[in-house]
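Data block below; observations after.
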Amino acid sequence: DAEITQSPRHKITETGRQVTLACHQTWNHNNMFWYRQDLGHGLRLIHYSYGVQDTNKGEVSDGYSVSRSNTEDLPLTLESAASSQTSVYFCASKAGGHTEAFFGQGTRLTVV
Amino acid sequence: AQRVTQPEKLLSVFKGAPVELKCNYSYSGSPELFWYVQYSRQRLQLLLRHISRESIKGFTADLNKGETSFHLKKPFAQEEDSAMYYCALSGGLTGGGNKLTFGTGTQLKVEL
């Protein structure tokens, strides 16, 4: 069965370190998204990609970057982790148009 | 710009009582609206979408373009309905409607 997986599930890192969160999907979806989930803010879009070599900034992209070298993966990198980036991160993928998005299990990141 | 507003952070109802989770949206084009649900410690999953006009787990939602609303309703709440509910909008001027924007979510608590 097709799926979307995130790794690691939990991560503790120190302020200033570079961190990369992995997202891998086997749906063969062109569209992939990264969101962060925070109390009172819901899900906020960080970056998204409509296909290989395409990346776009979302509403809270500062301090984050993504790359899309193949269809299956969209890794999210925190260039220099800050305490404000402590959050739960969700990756999602969807086919084109008004179709359902499928979500990963989430990664809980703590920056100390 | 596309925006989704969920005015209630928390909604508490008794088992068997009617439920209405409010969602309003802002979008200049013709959007598609969704409701996603997140049960405790699980990934987000699609509950229902406007275009399919279906009822899932007793929930329904009607798109009111005049009021730009897509409220989620259920006539009789069940304990297993306790979860976080997110309203989402698919739209965007580019990408053929691939960008998914979420509201801040409403935590539904069904009490016995």
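The values are calculated or read from the model by the stated rules, or taken from the named source; none is laboratory data. Not measured: the values here are computed from a predicted model. Cβ placement follows ideal geometry from the backbone for every residue including glycine, while neighbour counts extend to all protein chains displayed.
Computed values, structure above
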read-out	value
Complete set of residues in the range A:18-67 that are away from chain B (no Cβ under 14 Å), in contact (Cβ under 8 Å) with a residue 24 or more places away in the chain and of a type outside the set (A, V, I, L, M)	A:Gln18, A:Thr20, A:His24, A:Thr26, A:Asn28, A:Tyr64
Single match in A:Val19, A:Val66 (criterion: under 10 Å from the mean Cα position of the chain (by Cα) and farther than 30 Å from B:Ser52 by Cα)	A:Val66
Conditions (1) surrounded by fewer than 13 Cβ atoms within 10 Å (Cβ to Cβ); (2) farther than 26 Å from B:Arg3 by Cα; (3) free of Cβ contacts under 8 Å to residues at least 60 places away in the same chain: number failed by A:Ser83	(3)
Residues located in the range A:7-45, provided they are small (Gly, Ala, Ser) and touching a Phe, Trp or Tyr at 6+ places or on another chain (Cβ under 6 Å)	A:Gly42
Number of positions in the range A:69-98 that are within 14 Å of chain B (Cβ to nearest Cβ) and either under 15 Å from A:Ala2 (Cα atoms) or out of contact with any Lys or Arg (no Cβ under 9 Å at 6 or more places or on another chain) (or both)	7
All positions within the range A:30-77 that are buried (at least 21 other Cβ atoms within 10 Å of the Cβ) and over 16 Å from A:Ser93 (Cα atoms)	A:Gly42
Residue list for the range B:1-41, filter: assigned to a strand (DSSP E or B), of a type in the set (A, V, I, L, M, F, W, C) and either without any contact (Cβ under 8 Å) to a residue 40 or more places away in the chain or farther than 20 Å from B:Leu100 by Cβ (or both)	B:Leu10, B:Leu11, B:Val13, B:Phe14, B:Val19
Residues being more than 13 Å from the chain's Cα centre (by Cα) and either more than 10 Å from every other protein chain (Cβ to nearest Cβ) or modelled with pLDDT of 95 or more (or both) - total across the range B:23-36	4
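Every residue, every condition in (1) buried (at least 21 other Cβ atoms within 10 Å of the Cβ); (2) within 14 Å of chain A (Cβ to nearest Cβ), yes or no:
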{"position": "B:Leu11", "(1), (2)": "no, no"}
{"position": "B:Leu21", "(1), (2)": "yes, yes"}
{"position": "B:Gln42", "(1), (2)": "no, yes"}
{"position": "B:Ile51", "(1), (2)": "no, yes"}
{"position": "B:Thr60", "(1), (2)": "no, no"}
{"position": "B:Glu67", "(1), (2)": "no, no"}
{"position": "B:Leu89", "(1), (2)": "yes, yes"}
{"position": "B:Leu100", "(1), (2)": "yes, yes"}
